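Below: the structure, in C-alpha coordinates.
The values are calculated or read from the model by the stated rules, or taken from the named source; none is laboratory data. Computed from a prediction, not measured in an experiment: that's the story for all the values here. Because the Cβ atoms are built from the backbone with ideal geometry, glycine has one as well, and the counts that use them run over all protein chains shown.
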Ligand code: ADP
(Lines give C-alpha, C1' and ligand atoms only; values in the text may rest on other atoms or scores of the structure.)
Protein backbone atom coordinates (compact mmCIF):
# COMPACT_ATOMS: atom_id res chain seq x y z
CA UNK A 1 0.00 0.00 0.00
CA UNK A 2 1.30 3.40 -0.87
CA UNK A 3 1.93 5.66 2.05
CA UNK A 4 -0.03 8.47 0.40
CA UNK A 5 -3.22 6.42 0.94
CA UNK A 6 -2.77 6.90 4.63
CA UNK A 7 -2.69 10.65 4.44
CA UNK A 8 -5.87 12.20 5.72
CA UNK A 9 -7.45 15.06 3.85
CA UNK A 10 -6.14 18.36 5.07
CA UNK A 11 -8.78 20.82 6.05
CA UNK A 12 -8.23 24.48 5.42
CA UNK A 13 -8.95 25.23 9.04
CA UNK A 14 -11.12 24.11 11.88
CA UNK A 15 -14.70 25.25 12.01
CA UNK A 16 -14.66 28.58 13.79
CA UNK A 17 -17.10 30.37 16.06
CA UNK A 18 -17.67 32.88 13.24
CA UNK A 19 -18.79 30.06 10.93
CA UNK A 20 -21.32 28.87 13.47
CA UNK A 21 -22.53 32.42 14.11
CA UNK A 22 -23.00 32.83 10.39
CA UNK A 23 -25.09 29.67 10.21
CA UNK A 24 -27.18 30.78 13.19
CA UNK A 25 -27.37 34.34 11.87
CA UNK A 26 -26.48 35.85 15.24
CA UNK A 27 -23.58 37.03 17.33
CA UNK A 28 -22.99 34.84 20.36
CA UNK A 29 -22.81 36.49 23.77
CA UNK A 30 -23.07 35.50 27.41
CA UNK A 31 -25.73 37.46 29.31
CA UNK A 32 -25.12 37.04 33.01
CA UNK A 33 -28.20 37.65 35.16
CA UNK A 34 -27.39 38.40 38.79
CA UNK A 35 -29.72 39.19 41.69
CA UNK A 36 -31.20 37.85 44.89
CA UNK A 37 -33.12 34.60 45.06
CA UNK A 38 -36.65 35.36 43.87
CA UNK A 39 -35.60 38.58 42.18
CA UNK A 40 -36.89 37.31 38.85
CA UNK A 41 -33.73 36.16 37.07
CA UNK A 42 -35.08 32.84 35.81
CA UNK A 43 -38.56 34.15 35.01
CA UNK A 44 -37.11 36.94 32.88
CA UNK A 45 -34.34 34.81 31.34
CA UNK A 46 -36.87 32.16 30.31
CA UNK A 47 -39.24 34.77 28.91
CA UNK A 48 -36.43 36.34 26.92
CA UNK A 49 -35.26 32.91 25.74
CA UNK A 50 -38.72 32.20 24.34
CA UNK A 51 -38.90 35.62 22.70
CA UNK A 52 -35.44 35.24 21.14
CA UNK A 53 -36.36 31.82 19.83
CA UNK A 54 -39.62 33.10 18.35
CA UNK A 55 -37.70 35.88 16.64
CA UNK A 56 -35.33 33.41 14.97
CA UNK A 57 -32.40 33.44 17.37
CA UNK A 58 -30.81 30.39 18.97
CA UNK A 59 -30.58 30.93 22.75
CA UNK A 60 -29.97 28.72 25.77
CA UNK A 61 -30.76 29.44 29.42
CA UNK A 62 -28.39 28.03 32.00
CA UNK A 63 -29.83 28.01 35.49
CA UNK A 64 -29.96 26.04 38.71
CA UNK A 65 -32.37 23.57 37.19
CA UNK A 66 -30.05 22.35 34.47
CA UNK A 67 -26.70 23.01 36.15
CA UNK A 68 -27.06 22.31 39.86
CA UNK A 69 -28.89 19.03 39.29
CA UNK A 70 -26.41 17.89 36.65
CA UNK A 71 -22.80 18.90 36.20
CA UNK A 72 -22.69 20.62 39.61
CA UNK A 73 -24.71 18.16 41.67
CA UNK A 74 -21.73 17.54 43.94
CA UNK A 75 -21.49 21.17 45.03
CA UNK A 76 -23.04 22.92 48.02
CA UNK A 77 -23.15 26.56 49.08
CA UNK A 78 -19.86 27.05 50.91
CA UNK A 79 -17.63 29.84 49.62
CA UNK A 80 -15.41 27.32 47.81
CA UNK A 81 -18.34 25.44 46.31
CA UNK A 82 -20.03 28.64 45.14
CA UNK A 83 -16.81 29.59 43.41
CA UNK A 84 -16.44 26.17 41.77
CA UNK A 85 -20.13 26.35 40.79
CA UNK A 86 -19.55 29.64 39.01
CA UNK A 87 -16.27 28.48 37.44
CA UNK A 88 -17.96 25.48 35.85
CA UNK A 89 -20.96 27.54 34.72
CA UNK A 90 -18.65 30.09 33.11
CA UNK A 91 -16.68 27.35 31.38
CA UNK A 92 -19.89 25.77 30.07
CA UNK A 93 -21.12 29.17 28.89
CA UNK A 94 -17.83 29.63 27.08
CA UNK A 95 -18.31 26.35 25.23
CA UNK A 96 -21.77 27.51 24.16
CA UNK A 97 -20.30 30.86 23.16
CA UNK A 98 -17.80 29.16 20.89
CA UNK A 99 -20.68 27.18 19.38
CA UNK A 100 -22.28 30.47 18.37
CA UNK A 101 -25.08 30.21 20.92
CA UNK A 102 -26.52 33.08 22.97
CA UNK A 103 -26.53 32.02 26.61
CA UNK A 104 -28.61 33.53 29.39
CA UNK A 105 -27.03 32.59 32.69
CA UNK A 106 -29.31 32.88 35.68
CA UNK A 107 -27.38 32.54 38.93
CA UNK A 108 -27.33 34.63 42.09
CA UNK A 109 -23.53 35.05 41.79
CA UNK A 110 -23.51 37.20 44.94
CA UNK A 111 -20.12 38.88 45.00
CA UNK A 112 -18.32 41.26 42.68
CA UNK A 113 -15.28 39.02 42.91
CA UNK A 114 -17.20 35.96 41.72
CA UNK A 115 -18.80 37.84 38.82
CA UNK A 116 -15.50 39.28 37.74
CA UNK A 117 -14.05 35.76 37.93
CA UNK A 118 -16.84 34.54 35.61
CA UNK A 119 -16.18 37.46 33.28
CA UNK A 120 -12.48 36.63 33.14
CA UNK A 121 -13.28 33.06 32.09
CA UNK A 122 -15.85 34.00 29.44
CA UNK A 123 -13.86 36.96 28.14
CA UNK A 124 -14.63 40.61 28.77
CA UNK A 125 -15.86 41.41 25.27
CA UNK A 126 -18.48 38.64 25.31
CA UNK A 127 -19.83 39.05 28.84
CA UNK A 128 -22.78 41.32 29.65
CA UNK A 129 -24.02 41.74 33.17
CA UNK A 130 -27.74 42.18 33.81
CA UNK A 131 -28.64 43.18 37.34
CA UNK A 132 -32.13 42.04 38.32
CA UNK A 133 -32.58 44.58 41.05
CA UNK A 134 -35.43 43.64 43.37
CA UNK A 135 -35.46 44.74 47.01
CA UNK A 136 -34.96 41.98 49.55
CA UNK A 137 -38.41 42.68 51.07
CA UNK A 138 -40.05 42.08 47.71
CA UNK A 139 -38.10 38.86 47.08
CA UNK A 140 -38.94 37.72 50.57
CA UNK A 141 -42.64 38.48 50.21
CA UNK A 142 -42.69 36.54 46.90
CA UNK A 143 -40.79 33.66 48.54
CA UNK A 144 -41.28 31.57 45.39
CA UNK A 145 -39.64 28.46 46.79
CA UNK A 146 -40.27 29.02 50.50
CA UNK A 147 -36.52 29.42 51.02
CA UNK A 148 -36.62 32.79 52.82
CA UNK A 149 -38.98 31.37 55.41
CA UNK A 150 -36.59 28.49 56.00
CA UNK A 151 -33.58 30.82 56.10
CA UNK A 152 -35.30 33.08 58.66
CA UNK A 153 -36.12 30.01 60.73
CA UNK A 154 -32.44 29.05 60.66
CA UNK A 155 -33.11 25.91 58.62
CA UNK A 156 -30.88 27.12 55.79
CA UNK A 157 -27.52 28.60 56.67
CA UNK A 158 -25.65 31.11 54.53
CA UNK A 159 -28.66 32.19 52.51
CA UNK A 160 -27.88 35.15 50.26
CA UNK A 161 -29.50 38.35 51.55
CA UNK A 162 -30.22 36.86 54.99
CA UNK A 163 -26.99 35.61 56.51
CA UNK A 164 -24.74 35.74 53.47
CA UNK A 165 -23.99 38.99 51.62
CA UNK A 166 -25.19 40.11 48.21
CA UNK A 167 -23.06 42.82 46.63
CA UNK A 168 -24.99 44.70 43.94
CA UNK A 169 -23.08 45.30 40.70
CA UNK A 170 -21.55 48.78 40.59
CA UNK A 171 -21.69 49.16 36.87
CA UNK A 172 -24.02 46.60 35.26
CA UNK A 173 -24.61 46.68 31.51
CA UNK A 174 -28.34 46.67 32.24
CA UNK A 175 -30.41 47.07 35.38
CA UNK A 176 -34.00 45.87 35.70
CA UNK A 177 -36.14 46.96 38.63
CA UNK A 178 -38.80 44.28 38.73
CA UNK A 179 -40.80 45.88 41.54
CA UNK A 180 -41.66 48.67 39.11
CA UNK A 181 -42.71 46.65 36.07
CA UNK A 182 -44.51 43.54 34.89
CA UNK A 183 -42.70 40.40 33.76
CA UNK A 184 -43.66 41.21 30.16
CA UNK A 185 -42.18 44.70 30.43
CA UNK A 186 -38.99 43.30 31.92
CA UNK A 187 -38.71 40.73 29.12
CA UNK A 188 -39.19 43.43 26.46
CA UNK A 189 -36.57 45.65 28.04
CA UNK A 190 -33.96 42.87 28.26
CA UNK A 191 -34.76 41.69 24.74
CA UNK A 192 -34.36 45.22 23.35
CA UNK A 193 -31.01 45.56 25.10
CA UNK A 194 -29.79 42.22 23.75
CA UNK A 195 -30.68 42.99 20.14
CA UNK A 196 -27.83 45.48 19.81
CA UNK A 197 -25.34 42.88 20.88
CA UNK A 198 -26.56 39.78 19.04
CA UNK A 199 -27.80 41.06 15.68
CA UNK A 200 -25.62 40.41 12.64
P1 LIG B 1 -34.84 33.93 40.66
O2 LIG B 1 -34.56 33.14 39.43
O3 LIG B 1 -34.17 35.28 40.66
O4 LIG B 1 -34.60 33.18 41.93
P5 LIG B 1 -37.60 33.55 39.96
O6 LIG B 1 -37.64 33.99 38.53
O7 LIG B 1 -37.51 32.07 40.23
O8 LIG B 1 -36.38 34.30 40.68
O9 LIG B 1 -38.85 34.13 40.76
C10 LIG B 1 -39.30 35.45 40.62
C11 LIG B 1 -40.78 35.52 40.98
O12 LIG B 1 -41.18 36.89 40.95
C13 LIG B 1 -41.65 34.77 40.00
O14 LIG B 1 -42.66 34.11 40.73
C15 LIG B 1 -42.26 35.90 39.15
O16 LIG B 1 -43.52 35.57 38.62
C17 LIG B 1 -42.35 37.04 40.15
N18 LIG B 1 -42.36 38.39 39.56
C19 LIG B 1 -43.23 39.38 39.83
N20 LIG B 1 -42.98 40.49 39.10
C21 LIG B 1 -41.91 40.22 38.34
C22 LIG B 1 -41.18 40.96 37.38
N23 LIG B 1 -41.50 42.20 37.04
N24 LIG B 1 -40.11 40.37 36.79
C25 LIG B 1 -39.78 39.10 37.14
N26 LIG B 1 -40.42 38.34 38.03
C27 LIG B 1 -41.50 38.88 38.65
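The residue of the range 33-48 that is farthest from the ligand (Cβ to nearest atom), among those that are farther than 18 Å from residue 90 by Cβ and surrounded by 23 or more Cβ atoms within 10 Å (Cβ to Cβ), is 48.
Restricting attention to the range 170-184 and to residues that are in contact with a strand residue (DSSP E or B) (Cβ under 9 Å, 6 or more places away or on another chain) and not in a loop (DSSP other than H, G, I, E, B), the residue that is surrounded by the fewest Cβ atoms within 10 Å (Cβ to Cβ) turns out to be 175.
State yes or no: is residue 167 part of a strand (DSSP E or B) and away from the ligand (no atom under 11 Å from the Cβ)? It is false that residue 167 is part of a strand (DSSP E or B) and away from the ligand (no atom under 11 Å from the Cβ). Quick check, is residue 136 at pLDDT 95 or above and within 23 Å of residue 38 (Cβ to Cβ)? The answer is yes for residue 136. Of the residues making up the range 185-200, just one is loosely packed, with under 15 Cβ neighbours inside 10 Å and touching a helix residue (DSSP H, G or I) at 6+ places or on another chain (Cβ under 8 Å), namely 200. Of the conditions (1) surrounded by fewer than 18 Cβ atoms within 10 Å (Cβ to Cβ); (2) within 15 Å of the ligand (Cβ to nearest atom); (3) closer than 27 Å to residue 70 by Cβ, residue 84 fails just one. Which one is it? Exception for residue 84: condition (2). Among the residues making up the range 120-159, a single one is in a loop (DSSP other than H, G, I, E, B), under 20 Å from the mean Cα position of the chain (by Cα) and away from the ligand (no atom under 15 Å from the Cβ): 123.
Which one is surrounded by the most Cβ atoms within 10 Å (Cβ to Cβ), of the residues in the range 143-164 that are out of contact with any helix residue (DSSP H, G or I) (no Cβ under 8 Å at 6 or more places or on another chain) and within 18 Å of residue 132 (Cβ to Cβ)? So the residue we want is 160.
Looking only at residues in the range 173-187 that are under 27 Å from residue 99 (Cα atoms) and free of Cβ contacts under 8 Å to residues at least 60 places away in the same chain, the one that is farthest from the ligand (Cβ to nearest atom) is 173. Take residue 30 and decide whether it is at pLDDT 95 or above and away from the ligand (no atom under 16 Å from the Cβ). Yes; evaluated as a whole, the condition is true for this residue.
Conditions tested, residue by residue: (1) at pLDDT 95 or above; (2) under 19 Å from residue 194 (Cα atoms); (3) surrounded by 21 or more Cβ atoms within 10 Å (Cβ to Cβ).
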site	(1), (2), (3)
54	yes, yes, no
70	no, no, no
88	yes, no, no
102	yes, yes, yes
106	yes, yes, yes
116	yes, no, no
124	yes, yes, no
131	yes, yes, yes
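Scoring residue 78 on the criteria (1) within 23 Å of residue 190 (Cα to Cα); (2) in contact (Cβ under 8 Å) with a residue 40 or more places away in the chain leaves a single failure, condition (1). Checked against (1) at positive phi; (2) loosely packed, with under 15 Cβ neighbours inside 10 Å; (3) in contact (Cβ under 8 Å) with a residue 40 or more places away in the chain, residue 112 passes all but a single condition, namely (1).
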